[in-house]
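Asks: So that we are looking at the same thing, I have put the structure below in structure tokens.
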Amino acid sequence: MNIKQRISEKIQKSILNLGIPTKYLNKIYLTSHAKIGHYQINGIVNISQKLKINALKLSEKIIKELKKENFYNKMNISSPGFINIFLKQEWLSNKLEELITCSRLKISKQEPKKIIIDYSSPNMAKEMHVGHLRSTIIGDVMARTMEFLNHNVMRVNHIGDWGSQFGMIIAYFKKDYKNYKSINPSLKKIETIYQKSKKMYENYQLFKDLSKKCLVDLQNNDKNCISIWKDIIHKTIKNNEQIYQTLNVTLKNKHILGESFYIRFIPNMIEELKSKNIATQHQGKIIIYLNEIKNKKGKPMGVTIQKKDTRFLYSTIDLACLKYRVKELKADRIIYYTDTRQKQHLQQIKIISEKAGYISKKCTLEHHAFGMILSKDKRPFKTRDGKLIKLKKLIEKSINKAKTIIKIKNPHFNNKKILKLSKIIGISAIKYSDLSRKRETNYIFDWKNMLSFDGNTAPYIQYTYTRIYSIIKKSKLKTEQIKGKIVLNKEIEIKLSIKLLQFEEIILEISKKGNPHILCTYLFKLASIFCKFYEKYPIIFAKKISIRNSRLKLSILTSRIIKKGLNILGIQTLKYM
Ligand code: ARG
């Protein structure tokens with residue numbers, strides 16, 4: 001139930017009735033945060049200037065037309081030509097009734113599209129760190145949102161299972177699988193070896209040459225290289241799988257389609273790009289020059305897709321991957337979740353693919369870039385010795401902090417209960433504190449804020465949910481047993497209703513822009529309005545049964561929307577806390 005859309009349709013009808021050309025329809029828009037009124041119509045001034053008529057007069061005419069409809073209680077004009085709308089109680093209550101009887105809260109299903117969501121996608125041979133958090137959880141919200149809207153979502157974990165790190169690690173073991181297997185390194189150890197070999201790569205030419213050769217050999221299916229490579233990937237995936245599970249992220253092993261998968265398509269693709277005169281050979285390398293992007297010297301930017309020693313690069317793989325996603329997987333929309341530093345990389349891939357005809361008109365490509373997580377001194381969030389913080393450590397710390405708080409708040413809870421709650425609350429706090437930030441901007445990580453039971457935090461919203469849950473439980477009534485219509489006598493009840501009816505607007509906006517923070521803000525506001533309502537007016541103890549029932553229905557709807565909203569954010573609700 002998208003009330004904004006319903007009202008917009010009425011406005012469009014009125015405007016057309018007035019004989020205003022259709023092309024002006026998109027100039028009119030509704031805002032829900034109007035200072036005066038529940039909704040405000042904007043853009044009339046703009047049209048009146050174009051049509052050379054007085055804005056106030058035009059507003060009056062629109063109001064006259066709108067008055068033929070029955071959704072409003074009051075409408076007025078504020079200068080120079082905004083129309084403020086106060087919605088009618090009965091209209092709102094009818095819309096709410098429709099929601100209460102519908103399992104998907106009257107949110108319309110969309111025509112299904114194939115949507116590929118490329119998220120998390122960590123590089124192998126190391127443990128996931130705090131830098132992987134944003135892609136993993138923001139991408140997951142998008143996958144859940146699009147699925148809820150009826151799309152055919154393909155989650156893709158484009159793991160970094162190819163590239164120079166493997167050449168170095170394999171070189172470290174001198175290409176000897178037996179030697180590798182006798183040590184049988186853990187992932188932690190593999191990561192240490194990777195760091196050591198990276199230093200060797202930078203400092204010793206012989207080692208550098210060997211590493212490069214190992215990568216070429218790997219590319220050519222050398223048995224020893226493949227065995228070492230497989231073991232490293234197996235160990236990394238196993239480690240990551242646990243993190244996804246703990247984080248309540250929907251990525252499973254079946255969603256892995258890593259970089260190595262595309263190697264098989266690359267030789268042909270390079271031939272094709274050469275024959276189309278898109279790629280050229282230059283000093284032994286194969287390069288694509290792009291007029292659209294200039295390099296530092298102001299010349300067309302060159303993107304190398306094959307090195308002198310035949311190694312492929314990150315960009316080469318992404319090109320082959322994009323082609324595969326469009327041509328073979330028949331994607332309608334592809335969304336990448338990586339940090340802002342990959343903006344140029346993806347821009348290049350997009351331009352080259354357009355030139356090569358790899359993306360069709362009907363497929364859209366989007367980069368939902370995100371900012372960095374910083375510590376209080378505004379530097380990248382790292383450990384004291386400058387290392388990236390492991391995601392596992394961050395999760396552990398949050399759960400422990402949650403445990404301490406829960407123990408203080410509920411000294412009578414047994415250990416099992418405390419453990420269960422602290423896991424859910426600790427994880428939710430990490431996720432919410434990230435998801436509630438604007439995607440594109442950097443933010444400062446703050447433990448104190450995260451686990452607070454007040455303000456815009458997960459525990460606050462979860463706590464509101466438990467309050468409503470206990471009200472409903474106390475009433476001993478099932479939804480079907482609650483008779484009578486919803487009546488909205490109090491201003492706060494109207495405010496709550498409008499918020500409830502805005503849920504679909506929010507979901508639709510996320511589906512377009514991939515910006516979960518608006519759902520967080522929404523849920524926080526909804527929870528705050530409910531708390532005000534609950535603190536001011538009795539619900540189960542209302543004197544009249546009809547009022548009690550109406551308020552119970554509002555409470556049920558609030559709890560269902562909070563539950564669904566948190567579920568889309570990948571956050572669990574609790575019955576007590
Ligand atoms: N593995 C990359 C990284 O850690 C992210 C991959 C994103 N997806 C892609 N198709 N390039 O930065």
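The values are calculated or read from the model by the stated rules, or taken from the named source; none is laboratory data. None of these values were measured; they are calculated from a predicted model. Methodologically, a virtual Cβ is constructed for each residue, glycine included, from the backbone with ideal geometry; neighbour enumeration extends over all protein chains shown. Heads up: the accessible areas ignore ligands, DNA and RNA and are worked out on the full protein's heavy atoms, side chains in. Shrake-Rupley method; radii C 1.70, N 1.55, O 1.52, S 1.80 Å.
Asks: Could you list all residues from segment 132-165 that are part of a loop (DSSP other than H, G, I, E, B), in contact with a helix residue (DSSP H, G or I) (Cβ under 7 Å, 6 or more places away or on another chain) and either away from the ligand (no atom under 16 Å from the Cβ) or of a type in the set (Phe, Trp, Tyr) (or both)?
Replies: Within segment 132-165, Leu149, Trp162 meet the criteria.
Asks: Out of all the residues in segment 318-327, which are touching a residue at least 40 places away in the same chain (Cβ under 8 Å) and within 12 Å of the ligand (Cβ to nearest atom)?
Replies: So the first thing to find is which residues in segment 318-327 are touching a residue at least 40 places away in the same chain (Cβ under 8 Å), and the list is 319-325.
Leu319, Ala320, Cys321, Leu322, Tyr324, Arg325, listed by residue number.
Asks: Out of the residues in segment 50-76 that are within 19 Å of Lys13 (Cβ to Cβ) and in a strand (DSSP E or B), which is most open to solvent (accessible area, probe 1.4 Å)? Lay out the reasoning, then the answer.
Replies: Here is the first cut: in segment 50-76, the residues within 19 Å of Lys13 (Cβ to Cβ) are 51, 58-72, 75.
Imposing the further condition that a residue be in a strand (DSSP E or B) reduces the set to 72, 75.
Values: Tyr72: 44, Met75: 22 Å².
Only one residue tops the list, namely Tyr72.
Asks: Only residues that are within 15 Å of the ligand (Cβ to nearest atom), of a type outside the set (Phe, Trp, Tyr) and open to solvent by less than 20 Å² (accessible area, probe 1.4 Å): list them for segment 349-362, please. Quick ask: steps written out before the conclusion?
Replies: Taking segment 349-362 as the starting set, the residues that turn out to be within 15 Å of the ligand (Cβ to nearest atom) are 349-350, 352-353, 358-359.
Subsequent filtering for residues that are of a type outside the set (Phe, Trp, Tyr) retains 349-350, 352-353, 359.
Residues satisfying the conditions are Ile349, Ile352, Ser353.
Asks: Taking segment 432-473, which residues are without any contact (Cβ under 8 Å) to a residue 60 or more places away in the chain, open to solvent by 60 Å² or more (accessible area, probe 1.4 Å) and within 20 Å of Lys563 (Cα to Cα)?
Replies: Asp454, Lys473
Asks: Do we have Ile334 as out of contact with any strand residue (DSSP E or B) (no Cβ under 8 Å at 6 or more places or on another chain) and among the aliphatic types (A, V, I, L, M) here? Spell out how you get there, then give the answer.
Replies: Numbers: out of contact with any strand residue (DSSP E or B) (no Cβ under 8 Å at 6 or more places or on another chain): no; among the aliphatic types (A, V, I, L, M): yes.
Answer is no for this residue.
Asks: Another question, if that's okay. When both residues are 6+ apart or on different chains and their Cβ atoms are under 8 Å apart, which pairs have a first residue that lies in segment 68-95 and is in contact (Cβ under 8 Å) with a residue 12 or more places away in the chain and under 21 Å from Leu18 (Cβ atoms), and a second that is part of a helix (DSSP H, G or I) and charged (D, E, K, R)?
Replies: So the pair list comes out as Glu69/Lys10; Phe71/Arg6; Phe71/Lys10; Ile77/Glu60.
Asks: Of the conditions (1) open to solvent by less than 10 Å² (accessible area, probe 1.4 Å); (2) within 14 Å of the ligand (Cβ to nearest atom); (3) not aromatic (Phe, Trp, Tyr), Ser315 satisfies every one except a single condition; which number is it?
Replies: In the conditions (1) open to solvent by less than 10 Å² (accessible area, probe 1.4 Å); (2) within 14 Å of the ligand (Cβ to nearest atom); (3) not aromatic (Phe, Trp, Tyr), Ser315 misses (1) alone.
Asks: Quick one: how many residues across segment 373-403 are in a loop (DSSP other than H, G, I, E, B) and surrounded by 17 or more Cβ atoms within 10 Å (Cβ to Cβ)?
Replies: Start the filter on segment 373-403 by keeping residues that are in a loop (DSSP other than H, G, I, E, B), which leaves 375-379, 381, 383-387, 389.
Within this subset, residues satisfying the condition of being surrounded by 17 or more Cβ atoms within 10 Å (Cβ to Cβ) are 381, 389.
So the answer is 2.
Asks: Scan segment 166-185 and tell me whether some residue there is within 16 Å of the ligand (Cβ to nearest atom) and either closer than 28 Å to Gln306 by Cα or surrounded by fewer than 19 Cβ atoms within 10 Å (Cβ to Cβ) (or both).
Replies: yes
Asks: For segment 335-345, give me the residue count where each residue is crowded, with 20+ Cβ neighbours inside 10 Å and more than 9 Å from the ligand (Cβ to nearest atom).
Replies: Within segment 335-345, the first condition is being crowded, with 20+ Cβ neighbours inside 10 Å, and the residues that meet it are 335-338.
Filter once more, so that each one left must be more than 9 Å from the ligand (Cβ to nearest atom): 335.
Residues that pass the stated criteria total 1.
Asks: Condition check: on the phi > 0 side of the Ramachandran plot, open to solvent by 80 Å² or more (accessible area, probe 1.4 Å) and away from the ligand (no atom under 16 Å from the Cβ). Does Lys330 satisfy that? Explain how you work it out, then say what you get.
Replies: Values: on the phi > 0 side of the Ramachandran plot: yes; open to solvent by 80 Å² or more (accessible area, probe 1.4 Å): yes; away from the ligand (no atom under 16 Å from the Cβ): yes.
Yes: the conditions hold for Lys330.
Asks: In addition: Could you grab me the full set of residues in segment 404-425 that are polar (S, T, N, Q) and either open to solvent by less than 100 Å² (accessible area, probe 1.4 Å) or within 11 Å of Pro459 (Cβ to Cβ) (or both)?
Replies: Keep residues of segment 404-425 that are polar (S, T, N, Q), which gives 404, 410, 414-415, 422.
If the condition is that a residue be polar (S, T, N, Q) and either open to solvent by less than 100 Å² (accessible area, probe 1.4 Å) or within 11 Å of Pro459 (Cβ to Cβ) (or both), then Thr404, Asn410, Asn414, Ser422 are the ones that fit.
Asks: Restricting attention to segment 554-567, does a residue exist that is farther than 13 Å from Thr464 by Cβ, open to solvent by less than 50 Å² (accessible area, probe 1.4 Å) and of a type in the set (Gly, Ala, Ser)?
Replies: No, that holds for no residue.
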